[in-house]
Every structure is written in structure tokens, then in C-alpha cells.
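Following: one structure in C-alpha cells, then a few remarks.
The values are calculated or read from the model by the stated rules, or taken from the named source; none is laboratory data. On a predicted model such as this, the values are computed, not experimentally measured, just so you know. Please note: Cβ atoms are built from the backbone with ideal geometry, for glycine as well, and neighbour counts cover all protein chains shown.
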């Protein structure tokens, strides 16, 4: 858990990888109440032009955000989080699913004890989140 004083602009967070499986999507459907069929039914997802079932955008965003909250040591330290969804996370029906890779870099230190972390989130080397910024308060 880093302190505000020891973090500098340019500090890199440890890269994290997160597997995303169809079972994760079904659990998220139940937890969020978002049962949109494209998140669990391959036939329908393909019928509407998708390559396969896709992860919920908010699920992808939440998983990527863990990179910062785990680094900060406190999920409650997160103050702001903004992203643009640049491409869907396609989740194949196999044992591996998709693997979300997330890197972060401290881009700014604010006088209030918070830092701005820019995230890069990819699946198969393709960016799935763009302009991802997290503001987190450090001790």
C-alpha cells in the first residue's frame, strides 16, 4: 500500500491480469440485474452481429478498477472513475474465457492527497477501455 509521499508522477502500478469466463458473466447478470441476452446467449449475440457473447461494460470497468483499489489497499479510497468503452470484451465458451490485462501509471498528484491513475486495459492486445482515469486518495 503506497503512501502519497512515496508516489511520484510516472509511478507504474503492477500489471494485473483477470480471467473473465461465462460463469462470471452469469453471476454478474444476477448481481446487477442486467440480464441482457447478449451477455449469456451465443446464438443471440451472433444473430445481432456480435462475434460471440460479450462482457458487460460495467463489469469490465469494475474488474479493471481493482488494479487501482488493490494497489491503494482500500476500495473506499476510490474517488472518481471515468472510462470510454472502445471495444467489447468477447468471452468464448471455453475453460479460459477472455483475459483482461490492466496497467496503470500515476499521471498527476493533487494537493488533497489524491493521485490520478491512467489505466490501459486490453484483451488480446486490443484496448477495451479508452481514457480510463481513476482518482484515488492515498494516505
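Tabulated values for the structure
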read-out	value
Evaluation of residue 61 against (1) within 17 Å of residue 130 (Cα to Cα); (2) surrounded by fewer than 16 Cβ atoms within 10 Å (Cβ to Cβ); (3) in contact with a strand residue (DSSP E or B) (Cβ under 9 Å, 6 or more places away or on another chain) (one fails), failing number	(2)
Selection count where residues are in contact with a strand residue (DSSP E or B) (Cβ under 7 Å, 6 or more places away or on another chain) and farther than 21 Å from residue 95 by Cα, scope the stretch 25-58	1
Selection within the stretch 34-66 - without any contact (Cβ under 8 Å) to a residue 60 or more places away in the chain, under 14 Å from residue 20 (Cβ atoms) and outside any loop (DSSP other than H, G, I, E, B)	39, 54, 57, 58, 59, 62, 63, 66
Qualifying residue in the stretch 123-136 (condition: surrounded by fewer than 20 Cβ atoms within 10 Å (Cβ to Cβ), free of Cβ contacts under 8 Å to residues at least 40 places away in the same chain and under 19 Å from residue 70 (Cα atoms))	no
Checking residue 14 against (1) exposed (fewer than 11 other Cβ atoms within 10 Å of the Cβ); (2) more than 30 Å from residue 112 (Cα to Cα); (3) in contact with a helix residue (DSSP H, G or I) (Cβ under 9 Å, 6 or more places away or on another chain), the condition it does not meet	(2)
So residue 76, is it without any contact (Cβ under 8 Å) to a residue 40 or more places away in the chain and not in a loop (DSSP other than H, G, I, E, B)	yes
Residues of the stretch 104-119 satisfying the condition of being closer than 14 Å to residue 65 by Cα, surrounded by fewer than 17 Cβ atoms within 10 Å (Cβ to Cβ) and in contact (Cβ under 8 Å) with a residue 60 or more places away in the chain	105
Those residues of the stretch 95-113 which are within 21 Å of residue 49 (Cα to Cα) and in contact with a helix residue (DSSP H, G or I) (Cβ under 9 Å, 6 or more places away or on another chain), in sequence order	97
Criterion (farther than 18 Å from residue 13 by Cα, at pLDDT 95 or above and part of a strand (DSSP E or B)) met by exactly one of 103, 84	84
